[in-house]
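S.K.: This is the structure I want to talk about, given as structure tokens.
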Amino acid sequence: MRIVRTNSEMRAFVRQASGSIGLVPTMGAFHGGHHSLIRAARERCHVVVVSLFVNPAQFEEASDLDAYPRDEARDAAEAAELGADVLYAPSVEEVYPRGFATSVRVEGLSDVLEGVERGPGHFAGVCTVVTKLLNVVQPDVAFFGQKDAQQVAVLRRMVRDLDLPVELAVLPTVREPDGLALSSRNVRLNPDERRRALALSRALRAAEAAIAGGEREAAAVAAAAREAMNGVDPEYLALVDPDSFQPITTVDGRVLVAVAARIGATRLIDNTIIHTAATPAGAPTT
């Protein structure tokens, strides 16, 4: 596997590449979720590029950026073992050179849930860096995880609105056996916090159970989910349309249940998409 540090070297590699290119954008600290994306890219594409860049533009809290786990040597070894052809690991100065003054923003979708909790610059930072990665790597397919559901929705809208020639492939959330969604932030949880973190997946299972039992009022489903969190207070717990992220009042068809909470000093997110009997045959899924 080749490690690339600069845009010019990455572009030179792409010009010489043969066949379809798959891009797996990451911030490193690989876990099973990242592994599933790299495997999917390897199975589908001729060339696999894994980007590794902890993007400062999407962090509103400096302490969160500083605490984000980093281990490039470990990540590189895992990417190579999984069959990546290139690890694209540019510096901050390479991505945001002196005088950089441009950002990409998706209105509306960026202003709710994670956009409120993480600040107005979060999704602008995500969109800007992903646009730059797509421009440099020129992938046919870019691979993302469902755990970051709002990010996926924002990026889909960005790709559509800007006519970017790339397919976004979204893979299911990977979980621990007890239901905890894999996250690079999980390593920051102490044993008690790790136990309490299960409140997020419990909330989602409670929402699923309520809807399976026939409940269709979104407020009642949300109340059941909050009760299942056993004293962990969510930053938000919302039932929304999976594409527009607009809140719903009645469950009818596809609904995304999204939850975020701080467990100690660590902020975690999780979500699930629930399909009711009203979902038309052939409806799109994420």
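The values are calculated or read from the model by the stated rules, or taken from the named source; none is laboratory data. Predicted model, so just to flag it, every value in this text is computed and none were measured. All Cβ positions, even for glycine, are placed from backbone atoms using ideal geometry, and neighbour counts span all protein chains on display. Heads up: the accessible areas ignore ligands, DNA and RNA and are worked out on the full protein's heavy atoms, side chains in. Shrake-Rupley method; radii C 1.70, N 1.55, O 1.52, S 1.80 Å.
S.K.: Six or more apart or on different chains, Cβ atoms under 8 Å: show the pairs whose first residue is in the stretch 38-60 and at pLDDT 95 or above and whose second is among the charged types (D, E, K, R) and assigned to a helix (DSSP H, G or I).
M.R.: 48/42; 52/72; 52/75; 58/118
S.K.: Taking the residues in the stretch 119-140 that are of a type in the set (S, T, N, Q) and in a helix (DSSP H, G or I) as candidates, determine which candidate is surrounded by the most Cβ atoms within 10 Å (Cβ to Cβ).
M.R.: Out of the qualifying residues, it is 128.
S.K.: Let me ask another. Of the numbered conditions (1) within 21 Å of the chain's Cα centre (by Cα); (2) farther than 15 Å from residue 169 by Cα; (3) open to solvent by less than 50 Å² (accessible area, probe 1.4 Å), residue 24 fails exactly one; give the number of that condition.
M.R.: Residue 24 satisfies all of (1) within 21 Å of the chain's Cα centre (by Cα); (2) farther than 15 Å from residue 169 by Cα; (3) open to solvent by less than 50 Å² (accessible area, probe 1.4 Å) except (2).
S.K.: Going by the structure shown, is residue 143 in contact (Cβ under 8 Å) with a residue 40 or more places away in the chain and not in a helix (DSSP H, G or I)?
M.R.: Judged against the criteria, residue 143 is a match.
S.K.: If a residue has to be open to solvent by less than 50 Å² (accessible area, probe 1.4 Å), farther than 28 Å from residue 46 by Cα and β-branched (Val, Ile, Thr) to count, how many in the stretch 80-112 make the cut?
M.R.: 3
S.K.: Being open to solvent by 30 Å² or more (accessible area, probe 1.4 Å) and touching a Leu at 6+ places or on another chain (Cβ under 9 Å) is the filter here, so list the residues in the stretch 1-21 that pass it.
M.R.: The answer is 1, 2, 3.
S.K.: Please note which strands (runs of 3 or more DSSP E) are completely contained in the stretch 182-286 and include at least 2 residues that are without any contact (Cβ under 8 Å) to a residue 60 or more places away in the chain and either acidic (Asp, Glu) or open to solvent by 30 Å² or more (accessible area, probe 1.4 Å) (or both).
M.R.: Those strands (runs of 3 or more DSSP E) span 254-263.
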